[in-house]
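The values are calculated or read from the model by the stated rules, or taken from the named source; none is laboratory data. Quick caveat: nothing in here was measured; it's all calculated off a predicted structure. Here the Cβ is made from the backbone with ideal geometry for all residues, glycine too, and neighbour counts use every protein chain on show. Quick note on the areas: whole protein, heavy atoms, side chains included, nothing else; ligands and nucleic acids left out. Shrake-Rupley method; radii C 1.70, N 1.55, O 1.52, S 1.80 Å.
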Amino acid sequence: MPRRKKLPAIPDYKGAGKEPDNLLVQKSNPLLSLSETGLTLAEFKILDAYLGRINSHDPEKRFIRFEKGEIERLLDVSQIKPDDLEKRVKNLFQTIKIKDGNKRKGFTLIALFEKAECYQDEDGLWQVDLGASPSAMEYIFNPERLGYLRYNLRNVVKLTSRYSYVLFLYLEQNRHMHLTWDVSLDDLKTLLRCTADTYKAYYRFNELVLKKCHEELNAKTDCKFSYEPIKRGRTVKAVRFTLEPLALAEDIPGQISIDDFPEIMPPSYDDVYDEEAARRDRICKGFDSAEFSGFTDEQLALLKDLGWSRKRESDIERFQADVDSFPDACQYATAAYLRQVILTAKARHPKDLFLYVKKMIENDE
């Protein structure tokens, strides 16, 4: 693919119409690891707006223009100062670490964008031209290869807390696997970058972070949830999240999605995916999630047999609250156990994945 040396005079995509908040963001799984970096909420919003603007199946068109005050609306300010804009844009050009489970064990360092041009129009509102860097394009375009999370930009554009933003992505990532689950308190603090002594006691972490995230997300996003501490003795060891099911999706005027580009994706793509996922689900309830793709029927059947005796009682009880059938709850619990093994195996040894997963289960790692 030829590399352009400078931004084109007329970007590939200009503006976002009257309803920029209704853009659809498709973010690949490796880009979700950016929550572990020092990017601020403002920079995440700019990145999400970029991802919502492009056609993720047309890498030849990677240049966009934020115009007519879009940057100001994204950052929720009436007028952004030049020094502050420069700081925000500069941070998008810093070297960041990407965790890519599809590559050898380790990490990848990239810059997200190649170049930015910022200038004010006659009304003093900033216009910003951005183009993804060549090294970032593999994580931005065709995200289906890597797995991705999809959400409406309007769900994050009004957020005022970085904690709320990161928690929103985490909750939505888990939605396709379950509506109720437990996460260890330490893992949750690490995810939200709340490892300082200030947050050591659960009540402080809850008052300073979780309660505020809960209020903001329930008020401003489609992600409605509740949470409760899980104690071992008198000590909180985990947090249980429960998501409300999403309402049936409605078409939003002006929303951009893959359906707007029928020439890019064969019409039968979703049908093929659903059929393949349904085939896996017939082998074991819960195998329809993306982690179980790529295995043969025989391999999935063997994994089910190996994982059956290692499923957790707590998972069985959790799933039995959502399904009427005890055998189905056992299948979902088995899938939950295997899903974690597969994710760990992908990070450690993506090649020969089935054999490595089988070895891990047999060794009960």
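Taking the listed residues TYR139, TYR151, TYR165, the one that is in a strand (DSSP E or B), touching a helix residue (DSSP H, G or I) at 6+ places or on another chain (Cβ under 8 Å), open to solvent by less than 50 Å² (accessible area, probe 1.4 Å) and among the aromatic types (Phe, Trp, Tyr) is TYR151, with no other qualifying. Looking only at segment 18-44, which residues are open to solvent by less than 10 Å² (accessible area, probe 1.4 Å), modelled with pLDDT of 85 or more and more than 20 Å from LYS99 (Cα to Cα)? Once the filter is applied, which keeps residues that are open to solvent by less than 10 Å² (accessible area, probe 1.4 Å), modelled with pLDDT of 85 or more and more than 20 Å from LYS99 (Cα to Cα), segment 18-44 yields nothing.
Condition test on LYS81, is it open to solvent by 60 Å² or more (accessible area, probe 1.4 Å), among the basic types (Lys, Arg) and either touching a His at 6+ places or on another chain (Cβ under 7 Å) or more than 28 Å from ASN29 (Cα to Cα) (or both)? Judged against the criteria, LYS81 is a match.
Among residues of segment 287-341 being more than 27 Å from the chain's Cα centre (by Cα) and among the aromatic types (Phe, Trp, Tyr), the one that is farthest from ALA277 (Cα to Cα) is PHE326. For the structure I just gave you, tell me whether ILE64 is surrounded by 17 or more Cβ atoms within 10 Å (Cβ to Cβ), over 21 Å from GLY38 (Cα atoms), among the aliphatic types (A, V, I, L, M) and within 23 Å of the chain's Cα centre (by Cα). The answer is yes for ILE64. The residue that is least open to solvent (accessible area, probe 1.4 Å), among those in segment 168-200 that are among the polar types (S, T, N, Q) and part of a helix (DSSP H, G or I), is ASN174.
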